[in-house]
Amino acid sequence: MGALCTLWLGLVLLGVLGALQTSAQAQVSLQPNFQQDKFLGRWFTSGLASNSSWFREKKNVLSMCMSVVAPTADGGLNLTSTFLRKDQCETRTLLLRPAGTPGCYSYTSPHWGSTHDVWVVATNYEEYALLYTAGSKGLGQDFHMATLYSRTQTPKAEIKEKFSTFAKTQGFTEDAIVFLPQTGEGGAANLMGRD
């Protein structure tokens, strides 16, 4: 009888631990029938939400950046982002490697060296895309970010609301959600001229 109780307790604990481990992933769904070829092209980072301390410190000075998504030979994506930093255009490229299901990718953080997973949660390809990123920043610090990409620099109000709702379902509070302003005078033209 004692062995059965021990076995039952062990199975319950494994179930609880398994549920805890997958609860974050269970909240994130992928865009059904994701079509990578329609996702390619120019996007503007219009909204962000993050649990990062860096983000909380800098969110008031961040501005919209332009990203270009291009295919790689291995089925992944190059995400090249151009942004203004100290009145200079800077460009950074991330290699998003396919991670199984279409719409799911991973990349190695250039800063932390850790692997981050990226899910394309929702997109209509022509106006907006909602992405969710999760990983760690070293020393066991979890990193989570929701991103709103839009095809224009002025996403519709209903798209912004969709992003806010999505971010809140991922546990972000209202003060962790930011809609990025367009870059300063001449900045948007500079960004758009670099694609």
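Side notes on the structure shown:
- Among the conditions (1) under 27 Å from Glu127 (Cβ atoms); (2) open to solvent by 50 Å² or more (accessible area, probe 1.4 Å), the only one that Val69 does not satisfy is (2).
- Conditions (1) touching a Cys at 6+ places or on another chain (Cβ under 9 Å); (2) open to solvent by less than 10 Å² (accessible area, probe 1.4 Å); (3) not hydrophobic (A, V, I, L, M, F, W, C): number failed by Gly103: (1)
- Scanning the stretch 63-86 for residues that are over 16 Å from the mean Cα position of the chain (by Cα), on the phi < 0 side of the Ramachandran plot and not polar (S, T, N, Q) yields a total of 7.
- Residue, farthest from Thr183 (Cα to Cα), within the stretch 72-94, restricted to residues that are open to solvent by less than 80 Å² (accessible area, probe 1.4 Å) and hydrophobic (A, V, I, L, M, F, W, C): Leu77
- Counting only residues that are open to solvent by less than 50 Å² (accessible area, probe 1.4 Å), at negative phi and not in a strand (DSSP E or B), the stretch 106-135 holds 2 of them.
- Across the stretch 38-51, the qualifying residues are those that are touching a helix residue (DSSP H, G or I) at 6+ places or on another chain (Cβ under 9 Å) and polar (S, T, N, Q), and the one among them that is surrounded by the fewest Cβ atoms within 10 Å (Cβ to Cβ) is Asn51.
The values are calculated or read from the model by the stated rules, or taken from the named source; none is laboratory data. Note that the structure is predicted; figures quoted are calculated from it, not measured. Positions of Cβ are generated from backbone atoms using ideal geometry, with glycine treated the same way; all protein chains shown enter the neighbour counts. To get the accessible areas, we keep the full protein, side chains included, count just its heavy atoms, and leave off ligands, DNA and RNA. Shrake-Rupley method; radii C 1.70, N 1.55, O 1.52, S 1.80 Å.
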